[in-house]
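Here's the structure we're looking at; comments come further down.
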Amino acid sequence: MGDSKYLHPVALTWSQETEKLKKLKNKLQIYFGKQSKSDGGECEIRDTDCTRGYILIHFKEEKARDRVLQRKTHEVKLPDGTTLQLEVRLPEDIRRRETPPPEVGASKTEKSRNLPEKEEASPSRSSSLVLIENVPDSFTPDMINLLVGNISERSMDTDFYIENIPEIQSAVITFTCDIDIDDFIGKFSRNPRVKQQKIMAKSLEETRSVRVEGIHPDTPEDMVTLYFESAKN
């Protein structure tokens with residue numbers, strides 16, 4: 001469930017394959033969160049379920065959403081040097097395009113079939129992120145991928161991807177499929193190789209706060225608040 005402060009969504013469509021977009025959640029949020037890059041502002045991406053052909057970006061301010069919509073086309077540079085072409089529009093425009101109008105003279109029953117089904121409220125799920133800690137230097141990224149794939153019985157890139165953080169001997173697993181996180185963590189922790197290497201795993205909630213250090217003790221609290229409220233920061 002998302003933050004109730006972010007009430008102004010746009011639907012984002014893209015020019016490349018679905019799997020690539022799933023790995024760009026943080027890059028996209030940074031891009032649309034900066035007015036200097038996208039004309040946007042503070043926003044959140046609640047999921048990257050790309051099966052619909054679009055994802056939703058929820059903005060905190062209506063003005064930021066409107067500025068993003070005015071540009072229509074956006075471009076994000078990828079690490080491999082290619083450019084991802086993005087288009088934004090209102091979610092209702094997407095749904096209106098997907099739902100065909102009822103035929104003239106159709107019966108009430110036939111018309112009702114053309115109406116979009118009411119979405120059922122889905123229960124809140126635990127985070128799809130798992131942090132694994134105390135990863136030894138001898139464990140290469142490929143070994144971690146194989147280990148997670150064997151234990152979860154899921155496919156790398158299709159069902160999950162891993163961000164390695166060697167400087168703190170950790171890695172973050174992001175599952176992009178339906179999976180029981182608690183069950184996975186239990187199986188992972190009982191794995192003989194994991195127990196031998198004393199690797200630990202725990203559920204990781206998405207961060208909605210940051211710790212700021214090095215602030216001069218005489219800095220007024222209001223100044224810190226105003227600084228981080230600015231979209232350009």
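The values are calculated or read from the model by the stated rules, or taken from the named source; none is laboratory data. Note that the coordinates shown come from a computational prediction; the quantities given were computed from them, not determined experimentally. No Cβ is skipped: glycine too gets one built from the backbone with ideal geometry, and neighbour counts run over all protein chains shown. When the accessible area is computed, the model is the full protein with side chains, heavy atoms only, and any ligands, DNA or RNA have been set aside. Shrake-Rupley method; radii C 1.70, N 1.55, O 1.52, S 1.80 Å.
What to note about this one:
- Residue match in segment 196-206 (condition: open to solvent by 100 Å² or more (accessible area, probe 1.4 Å), of a type in the set (A, V, I, L, M, F, W, C) and either touching a helix residue (DSSP H, G or I) at 6+ places or on another chain (Cβ under 8 Å) or at pLDDT 90 or above (or both)): yes
- For ILE94, the conditions (1) open to solvent by less than 70 Å² (accessible area, probe 1.4 Å); (2) at pLDDT below 85; (3) over 22 Å from VAL172 (Cα atoms); (4) part of a loop (DSSP other than H, G, I, E, B) all hold with the exception of (4).
- Inter-residue pairs, beta-carbon under 7 Å, first closer than 25 Å to SER36 by Cα and in segment 210-232, second of a type outside the set (Lys, Arg) and open to solvent by 100 Å² or more (accessible area, probe 1.4 Å), 6+ apart: LYS232/SER36
- Segment 157-173 - residue that is of a type in the set (Asp, Glu) and under 22 Å from CYS50 (Cβ atoms) and, of those, least open to solvent (accessible area, probe 1.4 Å): ASP159
- Scanning segment 174-194 for residues that are surrounded by 12 or more Cβ atoms within 10 Å (Cβ to Cβ) and among the basic types (Lys, Arg) yields LYS187, ARG193.
- When ARG211, ARG154 are checked against the criterion of being within 22 Å of LYS25 (Cα to Cα), modelled with pLDDT of 85 or more, assigned to a loop (DSSP other than H, G, I, E, B) and open to solvent by 40 Å² or more (accessible area, probe 1.4 Å), a single residue qualifies: ARG154.
- Candidates are the residues of segment 45-80 that are part of a helix (DSSP H, G or I) and within 19 Å of the chain's Cα centre (by Cα); the one that is farthest from ALA11 (Cα to Cα) is THR51.
- Restricting segment 26-44 to residues that are open to solvent by 30 Å² or more (accessible area, probe 1.4 Å) and closer than 20 Å to THR82 by Cα leaves a set whose member that is farthest from the chain's Cα centre (by Cα) is LYS37.
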